[in-house]
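Worksheet for the structure shown next.
Derivation of every value follows stated rules applied to the coordinates shown; laboratory data play no part. Keep in mind that this is a model prediction, so the values were computed, not measured. In this analysis, Cβ positions are derived from the backbone assuming ideal geometry, glycine residues included, and neighbour counts consider all displayed protein chains.
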Amino acid sequence: MATVSQLTHDSALETSFFWDQYKIPIIIAVIVLLLGGLGFAGYQAYSHHRGSEAAAQLAAARTPQEFQQVIDQYSGTDAAASAYLLLAEQQRNEKKYTDANATFHKFIDAFPKHELVTTAWMGVAANLISLGKNDEALSTYQRLVAEYPQSFNAPLALLAEVPLLKANGRTDEARRACETIISQYRQSIVVSEALRELQQLPMPAAPVPKSQPSPAKK
């Protein structure tokens, strides 16, 4: 039976052998971890500094060129995301609806998970209406509701569908949009407007009863 001294001696030999065999990979791994930690800390500091610079430049931006500079110089930052939206709004105010939609689409491509991505889609649809492309606008609203049903813009998109559906004589679909708002988005600020729209829609036609077959003559 091995004694305590023998066990201790064997463990020491195993440890020494393990160290001799793997010391180079271990040293490299430690260095990599240290450099990684330093690199992460440096990246955080750089990101914070870059974000602060971007926010300051965005606050001073007033023209389309200045918004574009924020986008170009600070891509990926919150300031760049805001610059896209502000630029698109400015282009819309100047009635450059096609340009505004191009900017909205760039924002959506660059920030697909952004909390205001549905706001960009709402802007796209509004610009399409201004361009007379009502069918494309309707499809955009419907896509927003289908893909982002929990978004705060979903009931707004549903309500925006109503006049477009009514203009096409699709009153049953307009009614369903209003009823969806009332039943699924009860806390939305547009519920009262949906109720008003619903009251103005014509009542659905009563189903025509099927004619009963004449009794057979005896």
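Counting only other residues whose beta carbon sits under 15 Å from that of A125, what net charge do I get with K and R as +1, D and E as -1?
-2
Apply the Kirkwood formula to segment 135-202: the hydrodynamic radius equals the inverse of the mean of 1/r over all pairs of different alpha-carbon atoms; give it in Å with one decimal.
11.6
Listed highest first by mean packing, meaning other Cβ atoms within 10 Å per residue, what order do 117-124, 171-178 come in?
117-124, 171-178
Treating only the Cβ atoms of Lys and Arg (+1) and Asp and Glu (-1) as charged, compute the dipole magnitude of segment 59-131 about its Cα centre; round to the nearest 20 debye.
180
What is the local net charge at S188, summed over the other residues whose Cβ is closer than 15 Å to its Cβ (Lys, Arg +1; Asp, Glu -1)?
-2
Along the charge dipole of segment 135-202, Cβ charges K/R +1 and D/E -1, which of A146, Q184, A174 sits furthest on the positive end?
Farthest towards the positive pole: Q184.
When the expected Rg is taken as 2.2 N^0.38 Å, what fraction or multiple of it is the alpha-carbon Rg of segment 123-163?
For segment 123-163, the normalised Cα radius of gyration is 1.05.
Could you state the orientation-averaged shadow area of the convex hull built on the Cα atoms of segment 53-114, in nm² to one decimal?
Over every viewing direction, the Cα hull of segment 53-114 projects on average to 3.7 nm².
Please report the net charge: other residues with Cβ closer than 14 Å to the Cβ of R62, K and R +1, D and E -1.
The answer is -3.
Can you find, among A56, A81, N93, the residue farthest towards the positive end of the dipole of segment 53-114? Put +1 on the C-beta of Lys and Arg, -1 on that of Asp and Glu.
Sorting the options by dipole projection puts first N93.
Suppose every Lys and Arg Cβ carries +1 and every Asp and Glu Cβ carries -1, with no other charges. What dipole size does segment 135-202 come out with about its Cα centre, to the nearest 20 debye?
Roughly 180 debye, rounded to the nearest 20.
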